[in-house]
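Novice: Right, I'll just put the structure down here and ask away after.
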Amino acid sequence: MSKTYDYIIIGAGSSGCVLANRLSANSSMSVLLIESGPDHTSPLIAMPRGIGKLLNPGNPHVWSYQAARGEGMADEQWLKGKTIGGSSSVNGMVYVRGTPADYDSWEAQGCTGWGWADMGRQFVALEDHQLGKAKWRGVGGPLKVSIHPTKHALCDAVISAAGELGVARTDDTNHVDSVLHGGFGYQPQTTWKGQRFSAAKAFLEPVRNRPNLTVMTGTDVQRIEFDKRRASAVQVSNSQGKSRFEVRREVLLCAGAIESPKLLQLSGIGPAELLNSLGIEVLQDAPDVGRNLREHVYMAMQYRVTSGSFNHCFHGVGLLGAVAQYFLRKKGPMTHAAHEAGGFIKTRPELDLPDAQIGVSLYSMDGDGNKVEIDKQPGLTIGGYFLRPQSQGEVRIQSTDASVPPQINANYLSADIDRSSAIALFRWFRRLAEQPVLKPFIVGELTPGPRVESDEQILAAFRRFGQTAFHVSGTCRMGSDSASVLDPQLRVRGVEGLRVIDTSVMPCLVSGNTNAPAMAIAMRAAELITGKTSGITTR
Ligand SMILES: Cc1cc2nc3c(=O)[nH]c(=O)nc-3n(C[C@H](O)[C@H](O)[C@H](O)COP(=O)(O)OP(=O)(O)OC[C@H]3O[C@@H](n4cnc5c(N)ncnc54)[C@H](O)[C@@H]3O)c2cc1C
């Protein structure tokens with residue numbers, strides 16, 4: 001016999017954890033949160049640089065997919081978190097929110113109620129920021145945001161070099177002025193006292209003992225069932241076999257921008273031609289389910305440096321020392337986020353808004369930049385992406401078997417504007433590295449290498465080295481047009497009792513990393529579902 005809940009949340013990632021918190025705050029509502037992956041108890045999750053070990057295909061805490069990058073480009077591996085906390089438990093912990101202009105453009109595109117006026121206050125409500133309260137910065141919220149634990153000569157030199165190119169130094173790279181006009185500084189991060197602070201730590205753990213909240217791990221939702229056109233139950237599979245859970249109010253799909261469109265398609269909501277070709281009964285012909293995939297194309301410029309690198313801390317005896325320092329004192333390089341410093345820059349001064357985000361890492365990888373081994377010699381990586389890609393990819397199921405990964409086509413650089421943005425970004429990197437303040441450090445460019453000069457060579461370098469930034473979004477976009485997958489309340493068009501709430505809802509990608517936006521989207525969604533404004537409870 002199946003059990004019935006008021007709300008069933010599929011996926012305990014960045015968005016799912018927020019929703020579980022908000023919806024179970026009403027003790028008269030029963031909430032079931034279902035997660036495919038294991039609990040988040042691995043010490044490699046808590047240790048920020050544990051990602052070096054976690055982010056490997058086959059690790060039980062990650063989903064791994066083969067993704068086509070686009071014409072003339074080799075495939076690449078995409079990873080997503082598969083554990084309590086989802087991708088926020090395996091990510092780089094870089095804390096970025098995007099710009100007010102991103103959300104205002106969503107509103108202008110018909111997503112009523114998603115402009116900065118409504119989204120800015122979600123960020124303020126979720127933050128407990130070490131820099132203290134400011135107009136658009138919060139304290140006392142559930143999510144700890146820390147500033148960089150130490151200063152560092154090489155980072156300081158890169159920040160000064162950006163200054164020589166006209167980018168103001170800032171204490172808070174998320175400050176509204178920095179994201180609107182450009183700013184460079186030490187990277188705020190979702191860590192606390194030297195450990196990762198995931199969405200699960202912020203939103204789920206403080207309320208996990210609520211009697212009306214049930215959390216299931218190691219359980220795959222395979223399909224959503226409908227009674228006529230209303231979501232009525234979910235079918236699941238786990239080590240105990242197959243079962244189903246019924247829902248009284250709503251199913252909330254928070255499985256992330258690859259698995260959410262996949263589950264809709266498997267459940268009969270998607271492009272009719274695709275569903276028919278696989279023999280799936282079409283409940284709702286929704287051609288845009290899986291389309292509008294947006295991703296940042298991350299380009300890493302690697303340099304050999306004289307000093308200031310952490311490479312020696314990430315292999316051999318140095319690694320043992322760094323790990324010991326972490327376990328004994330929760331200090332040292334194992335406590336750092338993926339980027340030490342970074343910010344938002346204009347690749348050309350005439351631009352109205354910054355068009356690229358830069359991240360500085362004090363290490364280099366061996367070989368062609370795609371290998372996972374740490375370079376044995378001292379290195380520096382200055383990487384980044386253009387912020388608002390227009391190229392659109394797609395996710396399509398290729399089987400009715402829920403365990404088969406979908407086809408993913410990122411379609412990088414297919415839009416003309418993305419190619420010109422890539423070239424402009426590359427030339428900005430080169431100007432940065434040439435600044436006199438970096439002369440005592442930089443010995444030479446390792447990858448893509450000094451022979452890359454012309455526009456054609458730069459694009460070829462992007463096609464070879466450009467890679468996922470792990471920000472896949474947009475595959476169940478919201479909008480007010482009838483072709484959009486979701487209405488601005490995030491309800492799936494054509495059916496009832498079903499919403500999608502994760503990065504797939506973004507009509508276009510935010511200018512930056514996507515963890516904080518995923519949490520803010522869920523906070524806003526909770527307001528729409530409950531009719532109550534944000535005020536996160538932690539008891
Ligand atoms: C390696 C990596 C590094 C990143 N670095 C950063 C960073 O430094 N800063 C930043 O802001 N962002 C970063 N991101 C991006 C950011 O973390 C994600 O965009 C964000 O966490 C996505 O949130 P979500 O709620 O959409 O999905 P997720 O957090 O991915 O959650 C989806 C959850 O649903 C579960 N699920 C999926 N299918 C099913 C199913 N059928 N049944 C049950 N459960 C299911 C998954 O296991 C997962 O737990 C990174 C991401 C990755 C992968």
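The values are calculated or read from the model by the stated rules, or taken from the named source; none is laboratory data. Every value quoted in this text rests on a predicted model; they were computed, and no experiment measured them. Note: ideal-geometry Cβ built from the backbone for every residue, glycine included; neighbour counts use all protein chains shown. Side chains are part of the model used for accessible areas, which takes the heavy atoms of the whole protein and leaves out ligands, DNA and RNA. Shrake-Rupley method; radii C 1.70, N 1.55, O 1.52, S 1.80 Å.
Novice: Return the only residue of SER160, SER178, SER198 being farther than 19 Å from GLY359 by Cβ and either buried (at least 17 other Cβ atoms within 10 Å of the Cβ) or not assigned by TED's automatic domain parsing to the domain that holds ALA101 (or both).
Specialist: Selected residue: SER198, the only one of SER160, SER178, SER198 that is farther than 19 Å from GLY359 by Cβ and either buried (at least 17 other Cβ atoms within 10 Å of the Cβ) or not assigned by TED's automatic domain parsing to the domain that holds ALA101 (or both).
Novice: Moving on to the next point. From the list ARG291, ARG230, ARG208, exactly one residue is open to solvent by 30 Å² or more (accessible area, probe 1.4 Å) and within 26 Å of TRP78 (Cβ to Cβ). Which is it?
Specialist: Only one candidate qualifies: ARG291.
Novice: Residue pairs, Cβ under 7 Å, 6 or more apart or interchain, first in segment 253-277 and outside any helix (DSSP H, G or I), second acidic (Asp, Glu) and within 12 Å of the ligand (Cβ to nearest atom). List them.
Specialist: Qualifying pairs under 7 Å: CYS254/ASP502; ALA255/ASP502.
Novice: For residues in segment 466-478 being in contact with a strand residue (DSSP E or B) (Cβ under 6 Å, 6 or more places away or on another chain) and closer than 22 Å to GLY92 by Cα, which is farthest from the ligand (Cβ to nearest atom)?
Specialist: GLY466
Novice: Residues of segment 302-330 being loosely packed, with under 15 Cβ neighbours inside 10 Å and within 27 Å of GLY384 (Cβ to Cβ), which ones?
Specialist: THR306, SER307
Novice: Based on this model, can you work out whether VAL452 counts as in the same structural domain as SER307 (by TED's automatic domain parsing), in a loop (DSSP other than H, G, I, E, B) and aliphatic (A, V, I, L, M)?
Specialist: Considered against the rule, which asks whether it is in the same structural domain as SER307 (by TED's automatic domain parsing), in a loop (DSSP other than H, G, I, E, B) and aliphatic (A, V, I, L, M), VAL452 comes out as yes.
Novice: Something else: Looking only at segment 424-445, how many residues end up being open to solvent by 30 Å² or more (accessible area, probe 1.4 Å) and within 28 Å of the chain's Cα centre (by Cα)?
Specialist: 2
Novice: To continue, here is another question. Out of the residues in segment 250-273 that are open to solvent by less than 10 Å² (accessible area, probe 1.4 Å) and away from the ligand (no atom under 15 Å from the Cβ), which is nearest to the chain's Cα centre (by Cα)?
Specialist: My answer is GLY270.
Novice: Scan segment 326-353 residue by residue and report those that are in contact with a Pro (Cβ under 8 Å, 6 or more places away or on another chain) and either farther than 22 Å from ALA433 by Cα or away from the ligand (no atom under 16 Å from the Cβ) (or both).
Specialist: LYS331, MET334, THR335, HIS336, ALA337, ILE345, LYS346
Novice: Is it the case, given these coordinates, that SER243 is modelled with pLDDT of 95 or more, under 30 Å from ALA20 (Cβ atoms), crowded, with 24+ Cβ neighbours inside 10 Å and within 16 Å of the ligand (Cβ to nearest atom)?
Specialist: No; evaluated as a whole, the condition is false for this residue.
Novice: Output the residue which, of all residues in segment 76-97 that are among the polar types (S, T, N, Q) and more than 16 Å from GLU295 (Cα to Cα), is farthest from the ligand (Cβ to nearest atom).
Specialist: By that ranking, first place goes to SER89.
Novice: Quick one: which of ALA322, ALA337 is in contact with a Gly (Cβ under 7 Å, 6 or more places away or on another chain), assigned to a loop (DSSP other than H, G, I, E, B) and either under 26 Å from ARG69 (Cα atoms) or assigned by TED's automatic domain parsing to the domain that holds ASP172 (or both)?
Specialist: ALA337
Novice: Quick check on this structure: which one of ILE408, ILE423, ILE382, ILE358 is β-branched (Val, Ile, Thr), part of a helix (DSSP H, G or I) and not assigned by TED's automatic domain parsing to the domain that holds GLN77?
Specialist: Step by step, each of ILE408, ILE423, ILE382, ILE358 is checked, and only ILE423 is β-branched (Val, Ile, Thr), part of a helix (DSSP H, G or I) and not assigned by TED's automatic domain parsing to the domain that holds GLN77.
Novice: Based on what the data block shows, is ALA483 of a type in the set (Gly, Ala, Ser), open to solvent by 10 Å² or more (accessible area, probe 1.4 Å) and more than 12 Å from the ligand (Cβ to nearest atom)?
Specialist: Here the answer is yes, as ALA483 does meet what is asked.
Novice: Go through segment 207-233 and give me each residue that's farther than 30 Å from PRO142 by Cα and either in a strand (DSSP E or B) or in contact (Cβ under 8 Å) with a residue 24 or more places away in the chain (or both).
Specialist: GLN222, ARG223, ILE224, GLU225, PHE226, ASP227, ARG229, ARG230, ALA231, SER232, ALA233
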